[in-house]
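*Asks:* Got a structure here, written out as structure tokens. Questions coming.
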């Protein structure tokens, strides 16, 4: 038999092997995942510390920190909030670097287990703790993968645009740091593109939450907390970016309602920072009228 004939003879066998190969097993249910994770969590700690409240190291002026705190509050996760003051550089101390060598918030300590990066923390909390509804981080692998894609996109798009804009137009002047007009220009462009992408890709039609879900996921919470940071830019600047995005405004309101009253309470410090920044800007502006009052409450 020639080599060519042999290849043609074996092709049906290859087809059968592919056609009838066993399908992957169904993913474990949310309850099974949590039971397995709880067992591992209990085994990770010593008996004297087993199942103690986790410690959440955060600064509520940080949008990822707020997302983690709100998630814990909404899902009744027993935790101790440890404030790390970014304005005082407490995140750069040797003590905190033992928890997160990168020197960033948020970070958590669960027994002997330490974890940083907000998205990783949200995944962990949703997977380990009982009582967390499936919609936050679905057991269905297809839906979960789509949520993961949004979280991955967030870091290099929405967060990069929003955080850079806030830093160079609000925080840097407030803290006496140098600013970059070029960075502001690039950030404005990326932020506008990101808001448009959210509406056109993940909030199609009359979607209440991302991916058309009837309930929020960790992606909804993370992205909305990011956009809320625009509050400290002042009403005019914030409205310049969000005013044309009705879907986003409705979506943000839906997330706020789904996580109320914790969403409002955790964001209180953000509005205090906004008030101080507006007050400082008004004092520096010699042409402003002394009687002028700035509106602090959010329109979102």
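The values are calculated or read from the model by the stated rules, or taken from the named source; none is laboratory data. Small disclaimer: the values here were computed from a predicted structure and weren't measured. Ideal geometry is used to build each Cβ from the backbone, glycine not excepted, and the neighbour counts take in all protein chains shown.
*Asks:* Can you find a residue that is at pLDDT 95 or above, assigned to a loop (DSSP other than H, G, I, E, B), in the same structural domain as residue 118 (by TED's automatic domain parsing) and surrounded by fewer than 12 Cβ atoms within 10 Å (Cβ to Cβ) anywhere in the stretch 28-48?
*Replies:* Within the stretch 28-48, the subset at pLDDT 95 or above is none.
No, every residue in the stretch 28-48 fails to be at pLDDT 95 or above, assigned to a loop (DSSP other than H, G, I, E, B), in the same structural domain as residue 118 (by TED's automatic domain parsing) and surrounded by fewer than 12 Cβ atoms within 10 Å (Cβ to Cβ).
*Asks:* Something else about it: Is it true that residue 169 is more than 20 Å from the chain's Cα centre (by Cα), in the same structural domain as residue 243 (by TED's automatic domain parsing), assigned to a loop (DSSP other than H, G, I, E, B) and more than 17 Å from residue 153 (Cβ to Cβ)? Spell out how you get there, then give the answer.
*Replies:* Values: more than 20 Å from the chain's Cα centre (by Cα): yes; in the same structural domain as residue 243 (by TED's automatic domain parsing): yes; assigned to a loop (DSSP other than H, G, I, E, B): no; more than 17 Å from residue 153 (Cβ to Cβ): yes.
In short, no.
*Asks:* Would the stretch 198-212 turn up any residue that is touching a helix residue (DSSP H, G or I) at 6+ places or on another chain (Cβ under 7 Å), surrounded by fewer than 18 Cβ atoms within 10 Å (Cβ to Cβ) and more than 23 Å from residue 257 (Cα to Cα)?
*Replies:* no
*Asks:* May I ask you to say which residue of 108, 99, 121 is in a helix (DSSP H, G or I) and either farther than 15 Å from residue 55 by Cα or in contact with a strand residue (DSSP E or B) (Cβ under 9 Å, 6 or more places away or on another chain) (or both)?
*Replies:* Working: 108 fails: in a helix (DSSP H, G or I); 99 fails: in a helix (DSSP H, G or I).
When all the criteria are applied, what remains is 121.
*Asks:* In this structure, is residue 220 closer than 24 Å to residue 62 by Cβ and surrounded by fewer than 18 Cβ atoms within 10 Å (Cβ to Cβ)? Steps first, answer last, please.
*Replies:* Details: closer than 24 Å to residue 62 by Cβ: yes; surrounded by fewer than 18 Cβ atoms within 10 Å (Cβ to Cβ): no.
Against the criterion (closer than 24 Å to residue 62 by Cβ and surrounded by fewer than 18 Cβ atoms within 10 Å (Cβ to Cβ)), residue 220 does not qualify.
*Asks:* Can you go through 107, 67 and tell me which one is free of Cβ contacts under 8 Å to residues at least 60 places away in the same chain and under 21 Å from residue 229 (Cα atoms)? Even if it seems obvious, please write down each step before you answer.
*Replies:* Working: 67 fails: free of Cβ contacts under 8 Å to residues at least 60 places away in the same chain.
On inspection, the qualifying residue turns out to be 107.
Yes/no per residue for (1) over 22 Å from residue 238 (Cα atoms); (2) outside any loop (DSSP other than H, G, I, E, B); (3) more than 19 Å from the chain's Cα centre (by Cα):
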residue	(1), (2), (3)
188	no, yes, yes
196	no, yes, no
206	yes, no, yes
219	no, yes, no
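*Asks:* Of the residues 236, 140, which single one is farther than 27 Å from residue 273 by Cβ and either crowded, with 21+ Cβ neighbours inside 10 Å or not assigned by TED's automatic domain parsing to the domain that holds residue 123 (or both)? Let's see the steps before the verdict.
*Replies:* Details: 236 fails: farther than 27 Å from residue 273 by Cβ.
Unique residue meeting the criteria: 140.
*Asks:* Would you mind stating whether residue 154 is buried (at least 16 other Cβ atoms within 10 Å of the Cβ), under 15 Å from the mean Cα position of the chain (by Cα), in a helix (DSSP H, G or I) and not assigned by TED's automatic domain parsing to the domain that holds residue 210?
*Replies:* Values: buried (at least 16 other Cβ atoms within 10 Å of the Cβ): yes; under 15 Å from the mean Cα position of the chain (by Cα): yes; in a helix (DSSP H, G or I): yes; not assigned by TED's automatic domain parsing to the domain that holds residue 210: no.
In short, no.
*Asks:* If you don't mind, there's one more thing I want to ask. Give the residues of the stretch 51-65 that are at pLDDT below 95 and touching a helix residue (DSSP H, G or I) at 6+ places or on another chain (Cβ under 9 Å), sorted by residue number.
*Replies:* Going through the stretch 51-65, the residues at pLDDT below 95 turn out to be 51-52.
Hit for the stretch 51-65 is 51, nothing else.
Residue-wise test of (1) crowded, with 21+ Cβ neighbours inside 10 Å; (2) assigned by TED's automatic domain parsing to the domain that holds residue 214; (3) in contact with a helix residue (DSSP H, G or I) (Cβ under 8 Å, 6 or more places away or on another chain).
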| position | (1), (2), (3) |
| --- | --- |
| 67 | yes, no, yes |
| 77 | no, no, yes |
| 94 | no, no, no |
| 101 | no, no, no |
| 108 | yes, no, yes |
| 158 | yes, yes, yes |
| 163 | no, yes, yes |
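*Asks:* Checking residue 237 against (1) in a loop (DSSP other than H, G, I, E, B); (2) at pLDDT below 95, which single condition isn't satisfied?
*Replies:* Every listed condition holds for residue 237 apart from (1).
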